[in-house]
Structures are given as structure tokens and as C-alpha cells.
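The values are calculated or read from the model by the stated rules, or taken from the named source; none is laboratory data. Because the structure is predicted, anything quoted here is derived from the model rather than measured. Heads up, the Cβs are rebuilt from the backbone with ideal geometry, glycines too, and the neighbour counts pull from every protein chain shown.
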């Protein structure tokens, strides 16, 4: 389907704009079929290995339910369930699993690890997240933006605010450029995205009509946008001195009512790849909020997160439909 059979998806750069658009269109069809009860099984008899070096809710659930819906079977490997990286090299693990499974999903730290898996497995390998890229999230984000705005990708304008150094901002820079969208990456100077990623995205945008802007000025950056995206500012396991310094840098970029109003667009929606520290109802969230004296939320306030303008849970559901589309397109 679409010429993607047997292809891996380790980063958004792996697919052309047309291929990415076709995947999202297929996800729309599969979502409609699931809701109508008319879904046709395309993956009966397929076996998929799910390798998780990092914990997950949405990624695991999406891959498992997508596989089950389509008649496939999965094997879940947590960090203690295989010898990969401990007693067996990643390349050797890839060659073993590639003989037994029709596809492999990897969620972990190193982009080099997933590229090694893809090089040696002989079957499609999917990136559920690495420190550098989060391509399956991009499919869900763009499906969500199109269906909740009614706009084609080339007419979308949106902002990503906060820490711009890691997988989400990097991935949005490339995806927006490929789809011809207008992206504003907004954050403090100390947390700007890697220059090589920005240059790459802008070179792609020059061919597609997209635009990638990097700015510290959130008021100017969010003007007129259709969506504001953000992500957590600190990760589980980071020491408390990091919490203090990081929050001090990004505190001004919290998505709150003022930022939403500053868009000047009453239809602006809020998006978050989740989990979100919007309240103190988690162990880590409560600890960081108390330590940094931010009782109303960290990267997003509770009133924005719980408002009718938040489509974060539509976004979460669309992980299922877009991942299903990816597997159907590459395994049939």
C-alpha cells in the first residue's frame, strides 16, 4: 500500500510528504471503519515484537490495540525481558527477532539503537520514541490538527512552546516542513533546537511552502495560530537541581489563559503528547510543583488543560489509528 510495504519508520525523514499524507488519510479511514464496526482485518497471522526500554501508556496501548484490531499478535518486552544490550548486541537481537516476527517496535533512548535494529532486522522497525525523534507521535498530531480544524496541512499554523531541544520540537520542525505548515518554535535562548535540525527543516520547507520560525517572543510567536503544543519541562529521574534551573528558564512559557488569548484566535486549540503535569495528582508532578512553587500546573495550567479548547485526548486516541495505519501500510 502506497509503496510502503517492508519499510521502516525510524524518523519522520524516512517518508516523503505524500507518503506521510497517505498514512494519515489511511488512519482517517481506519478510524471511521472502527467506529462503524466495518473494519477489515489486514494483519491476520502477523506477529509484532514490542521492545520497551522506556515506560509507556499510549505507545504500548496503541500498538497492542491496533495489532489486535487488525488480527495480529504482539509480544511485549520490557527492559528485563530480553538480552538486548546486556548479553546480546542490538544487531544480533535484530537478526533473531527478524526471523520470528513480521515487525519490531522500539521505544528507548538512543536513535542509533533503532537505526541498528532497522539495519539488521530484515523486517519493518517502528520508532515509538527515542531521545532524538518521535515520528509516530507526529502522525497522530497531524491527524488531530486536520480533523479538529478542518484545515489542510498547508493552511495550518501552530506553535510548540517550552524546551525545544528534544524529540518533540525536533520532530515537529521536520514534520511541519514536510507538510507545508507554518510552525513557530517558541522557547528561551538556552533551550533552542539544534541548529542543524532547524537548517534541515528550513531546507525542506523551502520546497514545500512551509515555514519554521524559532523565537523567544511567545506573544509574537503565538499570534493567529490554530494550535499551541507543549510537552513536559522535566523528566522523571532528573535531579531536583535540574528542576529548579529548568523551570526558571521556561516558566514564562507556561501555556495559560493569557497565552491562549494572545493568539487572537478564539478557535485556537491546545495539544499535549502526554503525560502532562497540569495538576498535583501524580507523584512526580506534585514533587516538582511543590519544589518550584508552581501550584497551578507546570507546562500547562489546569484551566487550559481541562477546557473545551484542549484536544489532548483526541490526540492520544489518534496514536491508535495512525499506528494502525503505519502497520497496515508496511505489512501488506
Next item on the list: For region 95-104, indicate whether the set of residues that are farther than 27 Å from residue 230 by Cβ, at pLDDT below 95, out of contact with any strand residue (DSSP E or B) (no Cβ under 6 Å at 6 or more places or on another chain) and not in a loop (DSSP other than H, G, I, E, B) is non-empty.
Entry: no
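So which residues in region 105-138 are part of a loop (DSSP other than H, G, I, E, B) and farther than 19 Å from residue 67 by Cα?
If the condition is that a residue be part of a loop (DSSP other than H, G, I, E, B) and farther than 19 Å from residue 67 by Cα, then 108, 109, 110, 122, 130, 131, 132, 133, 134 are the ones that fit.
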Notebook entry, point to check: Among the residues of region 16-40 satisfying the criterion of being touching a helix residue (DSSP H, G or I) at 6+ places or on another chain (Cβ under 9 Å), without any contact (Cβ under 8 Å) to a residue 60 or more places away in the chain and in a loop (DSSP other than H, G, I, E, B), which is farthest from residue 68 (Cα to Cα)?
Noted result: 38
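So which residues in region 18-46 are buried (at least 16 other Cβ atoms within 10 Å of the Cβ) and under 24 Å from residue 93 (Cα atoms), if there are any at all? Spell out the reasoning first.
Quick first cut of region 18-46, residues buried (at least 16 other Cβ atoms within 10 Å of the Cβ) only: 19-24, 26-28, 30-31, 34, 39, 42-43, 46.
Matches in region 18-46: 43, 46.
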Checklist line | Verdict on residue 178 being over 15 Å from the mean Cα position of the chain (by Cα) and either assigned to a loop (DSSP other than H, G, I, E, B) or at pLDDT below 95 (or both) | finding: no
Item checked: Residue ID - surrounded by the most Cβ atoms within 10 Å (Cβ to Cβ), chosen from residues in region 206-221 that are assigned to a loop (DSSP other than H, G, I, E, B) and touching a helix residue (DSSP H, G or I) at 6+ places or on another chain (Cβ under 9 Å) -> 210
Next item on the list: List every residue pair whose Cβ atoms lie under 6 Å apart, where the two residues are 6 or more positions apart in sequence or sit on different chains, the first residue falls within region 66-80 and is part of a loop (DSSP other than H, G, I, E, B), and the second residue, located anywhere, is loosely packed, with under 14 Cβ neighbours inside 10 Å and at pLDDT 95 or above.
Entry: 70/41; 71/41; 71/44
Checklist line | Some residue of region 92-102 being crowded, with 24+ Cβ neighbours inside 10 Å and under 21 Å from the mean Cα position of the chain (by Cα) | finding: no
Next item on the list: Please specify each residue of region 222-242 satisfying the condition of being surrounded by 15 or more Cβ atoms within 10 Å (Cβ to Cβ) and farther than 17 Å from residue 299 by Cα.
Entry: 223, 225, 226
Next item on the list: Please determine, by comparing only the residues of region 297-332 that are in contact with a strand residue (DSSP E or B) (Cβ under 8 Å, 6 or more places away or on another chain), assigned to a helix (DSSP H, G or I) and in contact (Cβ under 8 Å) with a residue 60 or more places away in the chain, which one is nearest to residue 172 (Cα to Cα).
Entry: 315
Notebook entry, point to check: So is residue 148 surrounded by fewer than 24 Cβ atoms within 10 Å (Cβ to Cβ) and either part of a helix (DSSP H, G or I) or not assigned by TED's automatic domain parsing to the domain that holds residue 242 (or both) or not?
Noted result: yes
Next item on the list: Of the numbered conditions (1) in contact with a helix residue (DSSP H, G or I) (Cβ under 8 Å, 6 or more places away or on another chain); (2) closer than 29 Å to residue 166 by Cα; (3) surrounded by 15 or more Cβ atoms within 10 Å (Cβ to Cβ); (4) modelled with pLDDT of 95 or more, residue 76 fails exactly one; give the number of that condition.
Entry: (3)
Note to self: Being farther than 24 Å from residue 269 by Cα and surrounded by fewer than 17 Cβ atoms within 10 Å (Cβ to Cβ) is the requirement here; does residue 165 meet it?
What the structure shows: no
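Results for (1) in a helix (DSSP H, G or I); (2) out of contact with any strand residue (DSSP E or B) (no Cβ under 6 Å at 6 or more places or on another chain); (3) crowded, with 16+ Cβ neighbours inside 10 Å, shown as yes or no for each residue.
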residue: 244; (1), (2), (3): yes, yes, no
residue: 271; (1), (2), (3): no, no, yes
residue: 280; (1), (2), (3): no, yes, yes
residue: 295; (1), (2), (3): no, yes, no
Check: Taking into account only those residues within region 230-278 that are at positive phi and touching a residue at least 12 places away in the same chain (Cβ under 8 Å), which is nearest to the chain's Cα centre (by Cα)?
Finding: 274
Item checked: Which listed residue is farther than 15 Å from residue 125 by Cα, at pLDDT 95 or above and not assigned by TED's automatic domain parsing to the domain that holds residue 199, from 55, 44 -> 44
